[in-house]
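Here is the structure we will look at.
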Amino acid sequence: MNKIKAKEILSKYTTFVTFVVLVFILSILTRGRALSWDSIKTLIIAESVRAFASLGVGMIIITKGIDLSIGYVVCLTASVAASFAQDPALATALYPGRSFPLIMPIIAGLAAGGIFGLFNGVLVAYGKLPPFIATLGTMVIARGIQLIYTKAAIVSSLTTGFKAIAQTSIGPASFQIPLLGIYVVIITFVIWVLLRHTKQGTNFYAIGGNAQAARVSGINVERDLVCVYFYAGLLYGAAGILLASRLALANALTANGMELDAIAAVTVGGVSQNGGVGTVSGMIIGIFTMGLINYGMSFMAIDSYYQYLVKGGIIIIAVFFDMKKYAKRA
């Protein structure tokens, strides 16, 4: 009886247990350095931008969708935001001689992300395209627009005010808290409220569980699908803004492969590819679990090329056990 109960608890809290085990292993490998505040702060900074993208695609997967356009949409939004935050005195700036208020790059980045999210949603909901195909197409479109808009050049020399958005930390010198971490806490709370305490959030789970049953019960499936992709697009826009601010530049390689990291993180975090299952807390734990894995591989000097193999393997294993778990319940 105790063994059965232990298995149930382990199955329910697999993501959390995995995270704790990884922390323990890393603590041993790094002789406690992994648990120092400096290491934790570095992890928060590294994963905060990915957290925005992961929360976006996590909501989409809950509705039994997928989004492959993340990386290039974030790349485009970062480039758009950065272009409105360049030093006007820079001769090679996209808008030379023009100075924009700080709110402008923020609005521009969010708008670019929102437009792509809306486009994805319309293609999936009303165009009836499979999410895989629709977002594969918009991924290429976003890539092309980014190259055309920037002329394949690096967008750099950003203003101090814009860079401060993601590069600032607050608190005493011995315990500086990055603003990026605070942004993640705020957006996590917003998404948690949306998914768990609004009718639309309940609709997302219902659509992912059984879209036809959701439609019969009176849910406007098409409208809610457009909304979930639109919300995700806004989150990608925010990720692009923060990434450009943190790096103080944007180019054609910005956010390269972020879709892999985001999908892997939420899958590891327990968001089922079968739809209708997933929690915000699981997504966040999944994000930092992948961050710990990246940190561990870097610490052990594993070549970045091999890290892609590990990430791909993690996705396959996580989906395999996810399908196995829900097949048993069925």
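Arrange the peptides 137-145, 113-121 so that the one whose residues have, on average, the most other Cβ atoms within 10 Å appears first.
113-121, 137-145
Please compute the Kirkwood hydrodynamic radius of the range 226-286 from all pairs of different C-alpha atoms, in Å with one decimal.
Details: mean 1/r = 0.0769 Å⁻¹.
Result for the range 226-286 stands at 13.0 Å.
Rounded, prolate or oblate: which fits the range 131-197, taking a ≥ b ≥ c as square roots of the Cα gyration tensor eigenvalues, rounded meaning a/c under 1.5, else prolate when a/b beats b/c?
Oblate, since a/c reaches 1.5 and b/c is not below a/b.
Taking θ as phi - 60°, what are the ³J(HN,Hα) couplings along the range 224-230 by the Karplus curve (6.51, -1.76, 1.60), each to the nearest whole Hz, with x for Gly and Pro?
Those phi angles translate into 5, 5, 4, 5, 5, 6, 5 Hz.
Which one, S174, S39, S281, has the greatest fluctuation when you compute a Gaussian network model over the chain with C-alpha springs under 10 angstrom?
Of S174, S39, S281, the most mobile in the Gaussian network model is S174.
Bin by bin, in steps of 20 Å, what percent of the Cα pairs in the chain do you find, going until the bin that has the longest distance?
So the P(r) values, bin by bin, are 31, 57, 12, 0.
How would you rank K41, K311, K128, going from fewest to most other Cβ atoms within 10 Å of each one's own Cβ?
Result, fewest neighbours first: K128, K41, K311.
Give the shape of the range 212-330 as rounded, prolate or oblate, defined through the alpha-carbon gyration tensor: a ≥ b ≥ c are the square roots of its eigenvalues, a/c under 1.5 means rounded, and otherwise the shape is prolate if a/b is larger than b/c and oblate if not.
Note, shape of the range 212-330 comes out oblate.
Ordered by packing density, taken as the mean number of other Cβ atoms within 10 Å over each peptide's residues, highest first, how do 235-243, 149-157, 302-310 rank? Walk me through the intermediate numbers first.
Numbers: 235-243: 29.7, 149-157: 15.6, 302-310: 11.1.
Output ranking for 235-243, 149-157, 302-310: 235-243, 149-157, 302-310.
Taking K and R as +1 and D and E as -1, what net charge do the other residues with C-beta under 12 Å from the C-beta of Q200 add up to?
Computed value for this residue: +2.
If you take the beta carbon distance between L129 and A213 as r and set R0 to 22 Å, what does 1/(1 + (r/R0)^6) give as a FRET efficiency, to the nearest 0.05?
E between L129 and A213, to the nearest 0.05, is 0.50.
Taking the chain as a Gaussian network, Cα atoms linked when under 10 Å apart, which of I107, I61, I148 shows the biggest mean-square fluctuation?
I148
Starting from the Kirkwood Rh over alpha-carbon pairs, what translational D in µm² s⁻¹ does the range 104-144 have by Stokes-Einstein at 20 °C and 1.002 mPa s?
Numbers: Rh = 10.7 Å.
Rounded, D is 201 µm²/s.
Taking Rh as the Kirkwood radius, which is the inverse of the mean 1/r over Cα pairs, what is the Rg/Rh value for the range 65-224?
Result for the range 65-224 is an Rg/Rh of 1.06.
Rule-based calculations on the coordinates, nothing more; no lab input. Note that this is a predicted model, so its numbers are computed, not measured. All Cβ positions, glycine included, derive from the backbone under ideal geometry; neighbour counts span all protein chains shown.
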